[in-house]
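Report on the structure given below.
The values are calculated or read from the model by the stated rules, or taken from the named source; none is laboratory data. Keep in mind it's a predicted model, so treat the numbers as computed, not measured. No Cβ is skipped: glycine too gets one built from the backbone with ideal geometry, and neighbour counts run over all protein chains shown.
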Amino acid sequence: MSGKEKEVKIGFLQIALATTMLLSLTYWSYYTFIPGGVSGFVNTMFKIPGDDLVKHQLVNFDEGANELVFASVSASKVKEYTGGKTVSKKAIDKKYIFDFSFHERNSKDHGYVKSSLEFYVKAPPLGDYPIYLEPLIGFTIIAFVIGLFIVIVITMLLPPSIGIMSALFYETIYNTKVKIRLQTGFSEEVIEILTLPDKQLRAVERDKLETVFRVVWRRTITESEMESDHRMMFDDVWDDEIDEVRFRNDLLYERIKEYYSEFVKTEIADTRDGRVWMSNKLLLGKGIRLYMAHHFSHKFANNVTGLAYGGAAVLIIAVGIRGLKFIPANRPSAILFAIFLEFTLLILMAVTLFYTEEEERTDKMLKRMEDANRSQLTTLKAQKDDIHSMSTALVGQQSDLIKARVENAISEYLTSGDQVQKQIAQSIADKIVFNISETENK
């Protein structure tokens, strides 16, 4: 992508593809990851103690793909029911039952009761009554977050024409370069060189780099430098031996930081890293940092904070209702929903804060603004003098030519046969020539 790239817009195709992927991956996660994850957690937390293993052992009644059903069986029957058997009332001893399948169970055939929309957990540490988990309420948020995470990663790797996150990154790179131009007053060519990835910078002609770097150096001379008797000039540090990448990244970036602000320097460096991501989309961290730090955190930080507080309110209400025993202890799905909702929003808030730039001291910002404004005024005055000199030179060079052409045109007109027109034209010609002569004398 060159410095004249066009802004990438988010369209129907990117949104439709991302939405389809999100719904599909959420569905897959709900029926695959959620049962496996909950099963792994429960089996780890409620293992049969070593002393009880002599009496009964946990058997996996594998009824098919992702049908995670575990139940304790008498030690004498373990071999009989291991290996793809359907859970049955005759087989289990009802001490431990962990059923994370989406099948209905009944007391007559299976020895316990649950619907197809519930998970069933029974173990002595949990008391005499089983725990019913409703994944549609308690774990849908987790399935959605997993699907969203996968969609974000995949669409980062896709071209911007079809990948929504890739398009957002491209758009952020474009917009950030525009912001840098407005904040610094540098030309598009200068911004292009300042944000060029290191590897591509080495491929630019050295004479062109010298010209651009000199412009940046002169623009970033602070007031204290101007008043100093030992001011460092550009030619004092730039020579044929110096490394152009280190010169830009160490010296010029630091001068930009001192003259403008830390934020402008960070914008330039992050845009450079974002363009590195464009060359190699596997470097996800560089693209994520640019988007989060210079778009998402600025635009949505307050929204995320508000959502986090809203999630905390939901959690407080859920815990309060549970304390009043309106949520039964053996059906904690509503509590799980509130916990996972707040957890997700707090993680999002933490990520947003992680990429939010720290505020700079007000006195430093004001000083840099004063220096920048003074420099802009000086530049504008110099431009005004240059334009005035140029216009004066142009008028001086072309006035004779203009007068000659006017006189020639009037002479041709005076040769017409109409004497009245001749007299009028003569008066007009004399007036024009007189005014031109007056202008030259001034």
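Remarks
Okay, residues lined up against (1) at negative phi; (2) buried (at least 19 other Cβ atoms within 10 Å of the Cβ); (3) among the charged types (D, E, K, R):
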| site | (1), (2), (3) |
| --- | --- |
| I242 | yes, no, no |
| M292 | yes, yes, no |
| G323 | yes, no, no |
| R331 | yes, no, yes |
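- Failed item, numbered, when F296 is tested on (1) aromatic (F, W, Y); (2) surrounded by fewer than 18 Cβ atoms within 10 Å (Cβ to Cβ); (3) under 24 Å from the mean Cα position of the chain (by Cα): (2)
- Top-ranked residue in the range 215-255 [being within 23 Å of L201 (Cα to Cα) and among the hydroxyl-bearing types (S, T, Y); ranked as farthest from the chain's Cα centre (by Cα)]: T220
- Taking the criterion of being among the acidic types (D, E) and either without any contact (Cβ under 8 Å) to a residue 12 or more places away in the chain or crowded, with 19+ Cβ neighbours inside 10 Å (or both), the residues of the range 118-137 that qualify are E118, D128.
- Every residue from the range 299-314 that is closer than 16 Å to L341 by Cβ and surrounded by fewer than 18 Cβ atoms within 10 Å (Cβ to Cβ): N303, T305, G306, Y309, G310, A312, A313, V314
- Segments classed as strands (runs of 3 or more DSSP E), wholly inside the range 1-117, with at least 3 members that are surrounded by 14 or more Cβ atoms within 10 Å (Cβ to Cβ) and modelled with pLDDT of 85 or more: 69-74, 92-99
- Every pair of residues 6+ apart whose Cβ atoms lie under 6 Å, when the first sits in the range 144-155 and is over 13 Å from G287 (Cα atoms) while the second is of a type in the set (V, I, T) and in a helix (DSSP H, G or I): F144/T26; V145/T344; G147/T26
- Test: residue in the range 204-224 that is of a type outside the set (G, A, S), touching a helix residue (DSSP H, G or I) at 6+ places or on another chain (Cβ under 6 Å) and closer than 24 Å to M278 by Cα: yes
- Within the range 125-168, the residues that satisfy the criterion of being within 29 Å of I97 (Cβ to Cβ) and either polar (S, T, N, Q) or assigned to a loop (DSSP other than H, G, I, E, B) (or both) are G127, D128, Y129, P130, E134, F139, T140.
- Here T140 clears all of (1) free of Cβ contacts under 8 Å to residues at least 60 places away in the same chain; (2) out of contact with any Leu (no Cβ under 9 Å at 6 or more places or on another chain); (3) more than 30 Å from V264 (Cα to Cα) except the condition numbered (1).
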